[in-house]
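*Asks:* Quick one: the structure is below, questions incoming.
The values are calculated or read from the model by the stated rules, or taken from the named source; none is laboratory data. Quantities reported herein were computed from a predicted structural model and do not represent experimental measurements. With ideal geometry, Cβ positions are generated from the backbone for all residues, glycine too; neighbour counts draw on all protein chains shown. For accessibility, only protein heavy atoms count, side chains too; no ligands or nucleic acids. Shrake-Rupley method; radii C 1.70, N 1.55, O 1.52, S 1.80 Å.
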Amino acid sequence: MRLEGLHAVVTGGGSGIGAAIAQALAREGARLTLVGRRREALDAIAATLPGACIAQADVTDRAAVDAAFASARAAHGPIAILVNNAGIAPSAPFAKVTAEAWRQTMAVNLDALFHCCQAALPDLIAAPSGRIVTVASTAGVKGYGYTAPYVASKHGAIGLMRALATEFAHTGLTANAVCPGFTDTDIVGDAIANIQAKTGRSADEARAQLTRFNPQGRLIDPAEVAEAALWLCLPASRSVTGQAIMVAGGEVM
Ligand code: NAP
């Protein structure tokens, strides 16, 4: 058990990639706090993790994040691992992106990282091997059409990890990003439905629109992303910091 007793907070831990990361960390002995807005989703995943607690919060709300992290500490002690996974991925042609949609995407995908990293920071730098892992995206290192706010926010997320890696290199804290390609979760399910609705294509054709980006021709399994995140959290990964690790079938080399 390489993370025995360490307290890990996973935002968006009630579904998809966040749930898979929580399960991978728990298998190595971490004590989990799952953060998200939907209580039922959080409860369902927490029920699969021994001793996990949940902290319901909208990560765009700093006061809610502070309260959630305080309750997490009260349950499981200081936070040693922070996984910034909560995210949204709306799509629209750039000319039709509203100011509200832009702001909301930035709020969830970027502002929330500021809130969560700052709220956990005192614990993370006091820990012998503090870890921040942010679930960014291949969209953090390359452009895609029809998702400008998402691409911009994920580039910012990787930038923040690089800044923190540099600023805290003298401590035990590392800060990295994992960058999945299209992964088999609700976000991609929604994207497939959106393509179908807008183009009249079948579900298989819409799915192929996304898998064509991956040279391996498939969607990534959330468990594969979780393995990369787990590796970054291990004490033995202490020299890996400020990195953006692609989990994308060779899409971005
Ligand atoms: P998902 O199942 O829809 O997960 C998104 C999670 O974020 C949900 O659990 C959601 O929980 C949480 N969330 C959203 N807004 C929130 C808010 N304001 N406050 C708190 N929690 C919030 O989709 P996913 O694919 O696993 O996405 C996880 C991360 O992976 C995202 O950052 C996404 O950008 C990234 N990613 C996904 C893919 C992909 O193809 N699936 C590829 C690259 C990167 P609640 O709704 O309960 O709040």
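*Asks:* Specify the angular offset, from 0 to 90 degrees and rounded to the nearest 10, of the alpha carbon long axis of helix 16-27 from the longest principal axis of the alpha carbons in the chain.
*Replies:* It is inclined by approximately 30 degrees.
*Asks:* Given the options PHE182, PHE69, PHE94, which has the most mean-square fluctuation in a GNM of the chain, springs set between C-alpha atoms less than 10 angstrom apart?
*Replies:* PHE94
*Asks:* Where only protein heavy atoms count, and the probe is 1.4 Å, what is the accessible area per residue for the chain in Å²?
*Replies:* For the chain, the per-residue accessible area is 44 Å².
*Asks:* Can you give the local net charge around THR105? Use residues other than it whose beta-carbon is closer than 11 angstrom to its beta-carbon, Lys and Arg +1, Asp and Glu -1.
*Replies:* Working: positive: ARG103, LYS154; negative: GLU100, ASP111.
Net local charge, THR105 excluded: 0.
*Asks:* Among PRO149, PRO93, PRO222, whose mean-square fluctuation peaks in a Gaussian network model of the chain (Cα, cutoff 10 Å)?
*Replies:* Of PRO149, PRO93, PRO222, the most mobile in the Gaussian network model is PRO93.
*Asks:* Same structure again: Between ASP190 and ALA223, 0.36 nm times their residue separation minus their Cα-Cα distance comes to what? All intermediate terms of the calculation are to be shown ahead of the outcome.
*Replies:* Working: separation 33, 0.36 × 33 = 11.88 nm, distance 1.96 nm.
Result: 9.9 nm gained on full extension.
*Asks:* Whose amide H sits under 5 Å from the amide H of ARG31, counting only residues 5 or more places off or on another chain, with H placed in the peptide plane?
*Replies:* Amide H neighbours of ARG31: GLY5, LEU6, HIS7, ALA8.
*Asks:* Taking H as built 1.01 Å from N, whose amide H comes closer than 5 Å to the amide H of GLY172, not counting residues under 5 places away?
*Replies:* Residues meeting the amide H criterion: GLY130.
*Asks:* I'd like the distance separating the alpha-carbon centroids of the stretch 86-156 and the stretch 50-83, in whole Å.
*Replies:* 19
*Asks:* Simple spin-label model, 7 Å along Cα-to-Cβ: ARG212 to ALA99 in nm?
*Replies:* Distance between the two pseudo-spin positions: 3.6 nm.
*Asks:* Rounded to a whole number, what % of the accessible area of the chain do carbon and sulfur atoms account for, probe 1.4 Å?
*Replies:* Of the solvent-accessible surface of the chain, carbon and sulfur hold 56 percent.
*Asks:* How much length would be gained if the chain were fully extended between ILE88 and GLU28, taking 0.36 nm per residue of separation minus their Cα-Cα distance, in nm to one decimal?
*Replies:* Result: 18.8 nm gained on full extension.
*Asks:* May I pose another question? If amide hydrogens are placed 1.01 Å from N in the peptide plane, which non-local residues have theirs closer than 5 Å to the one on TYR146?
*Replies:* Amide H neighbours of TYR146: PHE94.
*Asks:* Please list GLU28, GLU40, GLU224, GLU205 from largest to smallest accessible area, probe radius 1.4 Å, with all protein chains kept in place. Walk me through the numbers before you get to the answer.
*Replies:* Working: GLU28 30, GLU40 160, GLU224 70, GLU205 100 Å².
Output order, biggest surface exposure first: GLU40, GLU205, GLU224, GLU28.
*Asks:* Convert each backbone phi in the stretch 70-83 into a coupling constant with the Karplus relation 6.51 cos²θ - 1.76 cosθ + 1.60 (shift: θ = phi - 60°), then list the ³J(HN,Hα) values in order as whole Hz, x for Gly and Pro.
*Replies:* Ordered by residue, 3J(HN,Hα) equals 5, 5, 5, 4, 4, 7, 10, x, x, 7, 9, 9, 10, 10 Hz.
*Asks:* Okay, moving on. For the chain, take the longest principal axis of its alpha carbons; what is the angle in degrees between that and the long axis of helix 222-233, to the nearest 10 within 0 to 90?
*Replies:* Relative to the chain, helix 222-233 is tipped by roughly 40 degrees.
*Asks:* Helix 112-126 versus the longest principal axis of the chain: what is the Cα-based angle in degrees, 0 to 90, to the nearest 10?
*Replies:* Tilt of helix 112-126: around 30 degrees.
*Asks:* Would you work out if the stretch 34-74 is rounded, prolate or oblate? Take a ≥ b ≥ c from the square roots of the eigenvalues of the alpha-carbon gyration tensor; rounded if a/c is under 1.5, else prolate when a/b is larger than b/c, oblate otherwise.
*Replies:* Details: a/c = 3.79, a/b = 1.51, b/c = 2.51.
Since a/c reaches 1.5 but b/c is at least a/b, the shape of the stretch 34-74 is classed as oblate.
*Asks:* For LYS96, tell me the accessible area in Å² from a 1.4 Å probe, rounded to the nearest 10.
*Replies:* Using a 1.4 Å probe on the heavy atoms, I get roughly 150 Å².
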